[in-house]
Amino acid sequence: MSHQKSTLGEFIIKNQSSFPYSSGELSSLLNALRLAAKVVNHEVNKAGLVDIFGDSGDVNVQGEHQQKLDVFANKTFIQSLKNRDIVCGIVSEENDEFITIEGQDKKSNGKYVVLMDPLDGSSNIDVNVSVGTIFSIFRRITPQGTPVEAKDFLQPGRKQVAAGYVVYGTSTMLVYTTGDGVNGFTLNPAIGSFYLSHPDMKFPKKGNIYSVNEGNYGHFPEPVKKYIKYCQQVEEDRPYSHRYIGSLVSDFHRNMIKGGIYLYPNSTVNKEGKLRLLYECNPIAFLTEQADGIATNGQQDIMDVIPTDIHERAAFYCGSSSMIKKLQEFIEN
Ligand code: AHG
Ligand code: MN
Ligand code: MN
Ligand code: MN
């Protein structure tokens, strides 16, 4: 794979031949996501102005209804994907059912399905803290030209052909993998192009950050409670620092760069966990493994779970390999 400092558009084309199924369509799909990310970025940057220019439900100067950002992000990504005849179906956090996409001939000719969380960490928007978009891409199972079916979406994460996220942070980045490492691109807002700024991202083997909503401590399983106490012990390499933004994308992004572990356990309140398997855990797990980390539900690698529902939830632990292995020692004993 070429790692020359290039724009995202150039990089996608240059590395097209390394895709397992290279026909240009996956490149086009990634370009559709890249375009939508720029549009959403523009809107996210204006989020603090809603009270000045009109809140959700209001009518703006063009006579258009203002939308909540997660609705806006959802529509933007769906429209961008629909505009190209590559995707036959979409699962989104914001839609109860999967969306079928048909071409002009009324057939679903697209080869790929996309599963997405259009705006992750949306409770952070009001307070000017980073949010994100997460996406997961599979080849469909059913034949091209036929209607997409639930089984096209209910594939184990292992079958993903690409996955990634956009983090709308102090700068906006698009980070993705096609199974050949993880690369991160930073948006230059003056020019409107993403540039390869973080080639071949890897989790440091060891880290000193643990990220968990510790307010829920009393509801966590015993082994997780013990692991958290381990993180807090005063030892040569501990206590670890606790960092939690409350946006999976942002917490993951920081931990992948600095080294750390992210935990969202099942609990007495969230019996199955809180995070969504298909459009939060699986894509982040694909990135984690490609960056030399481990992603598990505590019992098995997340990407080996066979999904049964498009919105199902999972316990989720991911991060630097040595930290996850330590957690697993607590779970297994
Ligand atoms: P979303 O905003 O897409 O609904 O996702 C929120 C998720 C995830 O991003 C975050 O890590 C987690 O929920 C935070 O949950 P708690 O507030 O329970 O910690
Ligand atoms: Mn989310
Ligand atoms: Mn969301
Ligand atoms: Mn939500």
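The values are calculated or read from the model by the stated rules, or taken from the named source; none is laboratory data. Quantities reported herein were computed from a predicted structural model and do not represent experimental measurements. Every residue, glycine as well, gets a Cβ built from its backbone with ideal geometry; the counts of neighbours run over all protein chains shown. Accessible surface areas use protein heavy atoms only, side chains included; no ligands, DNA or RNA. Shrake-Rupley method; radii C 1.70, N 1.55, O 1.52, S 1.80 Å.
Is there a residue in the range 286-294 that is among the small types (Gly, Ala, Ser) and closer than 20 Å to residue 114 by Cβ? Break it down stepwise before answering.
Taking the range 286-294 and keeping what is among the small types (Gly, Ala, Ser), we get 291, 293.
Filter once more, keeping what is closer than 20 Å to residue 114 by Cβ: none.
Checked against the condition, which is being among the small types (Gly, Ala, Ser) and closer than 20 Å to residue 114 by Cβ, the range 286-294 yields no hits at all.
Filter the range 240-266 for residues that are among the β-branched types (Val, Ile, Thr), away from ligand 2 (no atom under 16 Å from the Cβ) and out of contact with any Phe, Trp or Tyr (no Cβ under 8 Å at 6 or more places or on another chain) and give the result.
Just the residues of the range 240-266 that are among the β-branched types (Val, Ile, Thr), to begin with: 245, 249, 257, 261.
Narrowing further to those that are away from ligand 2 (no atom under 16 Å from the Cβ): 257, 261.
257 - this is the single residue of the range 240-266 that is among the β-branched types (Val, Ile, Thr), away from ligand 2 (no atom under 16 Å from the Cβ) and out of contact with any Phe, Trp or Tyr (no Cβ under 8 Å at 6 or more places or on another chain).
Is there a residue being under 17 Å from residue 141 (Cβ atoms), within 16 Å of ligand 4 (Cβ to nearest atom) and crowded, with 23+ Cβ neighbours inside 10 Å anywhere in the range 117-129? Break it down into steps so the answer makes sense when it comes.
Step one: list which residues in the range 117-129 are under 17 Å from residue 141 (Cβ atoms), which gives none.
Checked the range 117-129: no residue is under 17 Å from residue 141 (Cβ atoms), within 16 Å of ligand 4 (Cβ to nearest atom) and crowded, with 23+ Cβ neighbours inside 10 Å.
Mind checking whether some residue in the range 167-174 is exposed (fewer than 14 other Cβ atoms within 10 Å of the Cβ), touching a residue at least 40 places away in the same chain (Cβ under 8 Å) and in a loop (DSSP other than H, G, I, E, B)?
Keep residues of the range 167-174 that are exposed (fewer than 14 other Cβ atoms within 10 Å of the Cβ), which gives 170-171.
From what is left, the residues that are touching a residue at least 40 places away in the same chain (Cβ under 8 Å) are 170.
Remaining after also requiring in a loop (DSSP other than H, G, I, E, B): 170.
The answer is yes; a qualifying residue exists.
Between a residue in the range 244-255 that is among the aromatic types (Phe, Trp, Tyr) and any residue that is open to solvent by 30 Å² or more (accessible area, probe 1.4 Å) and within 16 Å of ligand 4 (Cβ to nearest atom), which pairs come within a Cβ distance under 8 Å, given they are 6 or more apart or on different chains?
So the pair list comes out as 244/213.
Residue by residue through the range 291-313, note down the ones that are in a helix (DSSP H, G or I) and open to solvent by 40 Å² or more (accessible area, probe 1.4 Å).
The first filter runs over the range 291-313 and keeps only residues in a helix (DSSP H, G or I), leaving 302-304.
Passing the criteria: only 304.
Pull up the range 229-267, narrow it to residues that are assigned to a loop (DSSP other than H, G, I, E, B) and among the β-branched types (Val, Ile, Thr), then point me to the one that is most open to solvent (accessible area, probe 1.4 Å).
At the first step, the residues of the range 229-267 found to be assigned to a loop (DSSP other than H, G, I, E, B) are 233-234, 236-237, 239-240, 243-247, 259-260, 265-267.
Still in the list and also among the β-branched types (Val, Ile, Thr): 234, 245.
Working: 234: 124, 245: 62 Å².
Of everything passing the filter in the range 229-267, 234 is most open to solvent (accessible area, probe 1.4 Å).
On the basis of being assigned to a strand (DSSP E or B), within 27 Å of residue 244 (Cα to Cα), more than 18 Å from the chain's Cα centre (by Cα) and not β-branched (Val, Ile, Thr), does residue 197 make the cut?
Numbers: assigned to a strand (DSSP E or B): yes; within 27 Å of residue 244 (Cα to Cα): yes; more than 18 Å from the chain's Cα centre (by Cα): yes; not β-branched (Val, Ile, Thr): yes.
Yes, satisfied.
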